[in-house]
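Only one structure is covered here, and it is reproduced in the block below.
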Amino acid sequence: MTYHFKNPSDGIVKHYLENSKTIAVVGLSDREEATSHRVSKEMQERGYRIVPVNPRAAGGQILGETVYASLKDIPFSVDIVDVYRRSEFLPDVARDFLQVNAKIFWAQLGLENEEAEQILRAVGHDDIVMNRCIKQEHTRLILGG
C-alpha cells in the first residue's frame, strides 16, 4: 500500500497562513531560477519574513536575509518550516523541527514521508502540511486566486 498523507482542511491551512509571519525555508537555493528561490521571493513580497536554511550558504545572504546552517542555528522562533529537500530527508528535518520553537511543518509539492509524520505525531505535533506548494495555497486561500 502506498503512503498518502492527509492534509488539514482548507480552513486550517488558511489559518496557518493568516497567522504566520516567519517562514524558515530548509533547502532554500541561492540560484534565482530554483523553485525554492522563486517561491520564497514571492512569499517575501507577500509580507512574510523568509529565513534561509542552507548549510552550503550558511553565513551568507539569500533574499537579503542571513542564511543559517540548520534550523537549530536560528536564534529566534519561526512560524512555518517550509521544506525543499527530497522526501527521504524529511525525517531528519522533522527531528530538527522538534528541537526548535516552530509551529507548522510544511513539506513542499511532491514531498511527503510517513516516518516524518510519525516522528511529529508521536509527540503530539499535528500542524503538518505535505505535498503542497505554500505559494499556491496562499494564492488560492488568501488571495482568492
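The values are calculated or read from the model by the stated rules, or taken from the named source; none is laboratory data. Bear in mind the structure is a predicted one, so any value in this text is a computation, not a measurement. Reconstructed Cβ throughout: ideal geometry from the backbone, glycine too, with neighbour counts over all protein chains shown. Please note that ligands, DNA and RNA were not included when accessible areas were found on the heavy atoms of the full protein model with its side chains. Shrake-Rupley method; radii C 1.70, N 1.55, O 1.52, S 1.80 Å.
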- Which length gain, in nm to one decimal place, applies between Val100 and Arg46 when the Cα-Cα distance is subtracted from 0.36 nm times their residue separation? 17.0 nm
- Item | Karplus-derived HN-Hα couplings along the range 44-57 (A = 6.51, B = -1.76, C = 1.60, θ = phi - 60°), whole Hz, x at Gly and Pro | 5, 5, 8, x, 8, 7, 9, 10, x, 10, 7, x, 6, 10
- Item | Whole-Å semi-axes of the chain's equivalent ellipsoid (Cα gyration tensor) | 21, 18, 14
- With the 8 Å Cα cutoff and a minimum separation of six or more residues, the chain has a relative contact order in percent of 24 percent
- About the Cα centre, charge dipole magnitude for the chain (Lys/Arg +1, Asp/Glu -1 at Cβ), debye: 200 debye
- Please go through the residue pairs Lys14/Lys103; Lys14/Lys135; Lys21/Lys135; Lys41/Lys135; Lys72/Lys135 and name each one whose alpha carbons sit more than 21 Å apart in this structure. Lys72/Lys135
- Along the range 5-19, Karplus-curve 3J(HN,Hα) (6.51, -1.76, 1.60; θ = phi - 60°) to the nearest Hz, with x for Gly and Pro, reads 6, 9, 6, x, 5, 4, x, 5, 4, 4, 4, 4, 5, 6, 9
- Among Val81, His125, Gln136, the residue whose Cα sits farthest towards the positive end of the charge dipole of the chain (+1 at Cβ of Lys and Arg, -1 at Cβ of Asp and Glu, taken about the Cα centre) is Gln136
- Query: From a point 7 Å beyond the Cα of Glu18 in the direction of its Cβ, which residues of the range 110-145 have a backbone N at a distance under 12 Å?
  - Reply: 141-143
- Query: Counting only the heavy atoms of the protein chains, how much of Tyr16 is accessible to a 1.4 Å probe, in Å² to the nearest 10?
  - Reply: 20 Å²
- Query: Given H placed on each backbone N at 1.01 Å, which residues far from Ile104 in sequence or on other chains put an amide H within less than 5 Å of it?
  - Reply: Ile80, Val81
- Got a number for carbon plus sulfur as a percent of the chain's accessible area, 1.4 Å probe? 46 percent
- Give the long-range amide H neighbours of Cys133: residues separated by 5 or more places, or on another chain, with amide H under 5 Å away, using H modelled in the peptide plane at 1.01 Å from N. Leu109
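In square angstrom, what is the accessible area per residue of the chain with a 1.4 angstrom probe?
51 Å²
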- Message: Show me, for the range 62-71, the HN-Hα J-couplings you get by feeding each phi into the Karplus relation (A = 6.51, B = -1.76, C = 1.60, θ = phi - 60°), rounded to Hz, glycine and proline as x.
- Response: 9, 6, x, 10, 4, 8, 9, 6, 8, 4
